[in-house]
1. Which of the residues spanning segment 60-96 are loosely packed, with under 13 Cβ neighbours inside 10 Å, in contact (Cβ under 8 Å) with a residue 24 or more places away in the chain and aliphatic (A, V, I, L, M)?
2. Provide a single number: the residues in segment 245-290 that are open to solvent by 10 Å² or more (accessible area, probe 1.4 Å) and under 14 Å from LEU224 (Cα atoms).
3. Within segment 371-395, which residues are free of Cβ contacts under 8 Å to residues at least 60 places away in the same chain and not acidic (Asp, Glu)?
4. Which of (1) more than 30 Å from LEU300 (Cβ to Cβ); (2) at pLDDT 95 or above; (3) open to solvent by 70 Å² or more (accessible area, probe 1.4 Å) does ARG99 not meet, given it meets every other one?
5. How many of the residues in segment 107-127 are free of Cβ contacts under 8 Å to residues at least 12 places away in the same chain and under 21 Å from THR239 (Cα atoms)?
6. Which one of LEU375, LEU395, LEU448 is at pLDDT below 90 and open to solvent by less than 20 Å² (accessible area, probe 1.4 Å)?
7. Does TYR84 satisfy the condition of being modelled with pLDDT under 95 and in contact with a strand residue (DSSP E or B) (Cβ under 9 Å, 6 or more places away or on another chain)?
8. Quick check: anything in segment 230-243 part of a loop (DSSP other than H, G, I, E, B), in contact (Cβ under 8 Å) with a residue 40 or more places away in the chain and within 30 Å of ASN342 (Cα to Cα)?
Amino acid sequence: MVLSKTSSESDVSVHSTFASRYVRASLPRFEMPENSIPKEAAYQIINDELMLDGNPRLNLASFVTTWMEPECDKLMMSSINKNYVDMDEYPVTTELQNRCVNIIARLFNAPLEEEETAIGVGTVGSSEAIMLAGLAFKRNWQNKRKAEGKPYDKPNIVTGANVQVCWEKFANYFEVELKEVKLREGYYVMDPMKAVEMVDENTICVAAILGSTLNGEFEDVKLLNDLLIEKNKQTRWDTPIHVDAASGGFIAPFIYPELEWDFRLPLVKSINVSGHKYGLVYAGIGWVIWRTKQDLPEELIFHINYLGADQPTFTLNFSKGSSQVIAQYYQLIRLGYEGYRNVMKNCRENAIVLREGLEKTGCFNIVSKDEGVPLVAFSLKDNSLHNEFEVSETLRRFGWIVPAYTMPADAQHVTVLRVVIREDFSRTLAERLVFDIVKVLHELDMHLDRLSAKMEQVGEENLVIKNNGKKTEIEVQREVTDFWKKFVLARKAAVC
């Protein structure tokens, strides 16, 4: 005899998620719900909201890696429950981090003997790495000033106005004056000569950028080093250099190997790099490397033993995942020098394809340089009718996320669009982007034509009113002209 039963309304296991009551009710947004919901419903509801996010691979605003091989994804998922700081419990993960530090230090030409261990640490990104490097410079400067019996309460750091916001955070959080070299139109990086002129006895370091966020350009670290050596000789100071190689640190060694920017220069004492940018790892990993042990004051290193054996630690964070460290090691040994060189060459070539495509339109000035991070920064030759912000906004309709922004002081009047070329941005996508940009410009022109036609219609209607005894034809034309002038001037003002 076959027995059957009717499922109750609460027996959700037999219902489709979309047939359940959980998709009919609005979930709390600011308070924890009183009752639980099935895991399938929770997944579906969150997944549905996330569909409204942009496509990461079409997010051309970001330098951060958006694609990795499936094998690396598996490694990351298998270690997602490992806490990076539990070194005694996860000694192999700790060993992999140390291997990464040593590989990167030698990539940056640190003066190490064959078996000598490099000095460095993994971080959650270049922002934390810069904080740590800045603290080391500040403490070294303070210790020297104390030993000389001189004031040590007004430290400063010299940078270009093109630095990333993390430098402003460092200066604010740790009470260091930020002295910025202003930019100028056509020159959007720090001028080494002006930077050295701003150095004084309270300067803890000069920060040079290997790959400006604004246009990808490499600053001239070699010239800065040479000028600063001469000033140090004259003043008997020993002002050092930090290189912010967040974007360029994994590019220059592979496609510009002759470029001197790293520890080959004697005044470069520390370098930071983002593993999650051109280190080709998902977001959440950065590195900071010091030239020698003397450049990282021992007093900044803490030692703990409550997780097992004695563990040295110098980070702003404590607990964090191990996945990104493991992924970085995977990329370093999987790709090797040959693989990284090929990836970076492909990025550079696709940037050239995009740049040449934009130049052929005749509508854009190219702001980025040939040597630097593989990106294309460009501005409209004529922004009197529509500007870069409108181009950026309209491109989103095609799925592209292309940022528009103004330059820092003293080039605020310059507005640019920027496309970052990452590993997963192919030549096909580059050609498609040019096609869509041309389409956007055409649409914006058509919009203005329609607006102009509307204005003419308004003029004709006013002319009819005039014929009824209110305004002359010339008065109507003047009103239309004045309205149009105000409209265009308002759009010009929006550019600045």
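1. Within segment 60-96, MET77, ILE80 qualify.
2. Total satisfying the criteria: 6.
3. Looking only at segment 371-395, we keep the residues that are free of Cβ contacts under 8 Å to residues at least 60 places away in the same chain, and these are 376, 378-382, 390-395.
Of everything in segment 371-395, those that are free of Cβ contacts under 8 Å to residues at least 60 places away in the same chain and not acidic (Asp, Glu) turn out to be VAL376, PHE378, SER379, LEU380, LYS381, VAL391, SER392, THR394, LEU395.
4. Of the numbered conditions (1) more than 30 Å from LEU300 (Cβ to Cβ); (2) at pLDDT 95 or above; (3) open to solvent by 70 Å² or more (accessible area, probe 1.4 Å), the odd one out for ARG99 is (1).
5. Let us first name the residues in segment 107-127 that are free of Cβ contacts under 8 Å to residues at least 12 places away in the same chain, namely 112-116.
When the remaining residues are screened for being under 21 Å from THR239 (Cα atoms), the result is none.
Here the count works out to 0.
6. Working: LEU375 fails: at pLDDT below 90; LEU395 fails: at pLDDT below 90.
Only one candidate qualifies: LEU448.
7. On the way: modelled with pLDDT under 95: yes; in contact with a strand residue (DSSP E or B) (Cβ under 9 Å, 6 or more places away or on another chain): yes.
Yes; evaluated as a whole, the condition is true for this residue.
8. There is no residue in segment 230-243 that is part of a loop (DSSP other than H, G, I, E, B), in contact (Cβ under 8 Å) with a residue 40 or more places away in the chain and within 30 Å of ASN342 (Cα to Cα).
The values are calculated or read from the model by the stated rules, or taken from the named source; none is laboratory data. As the structure is a computational prediction, the values presented were derived from the model and not from experiment. Neighbour counts run over all protein chains shown; Cβ positions are idealised from the backbone, glycine included. The accessibility values were calculated without ligands, DNA or RNA, using every heavy atom of the protein model including side chains. Shrake-Rupley method; radii C 1.70, N 1.55, O 1.52, S 1.80 Å.
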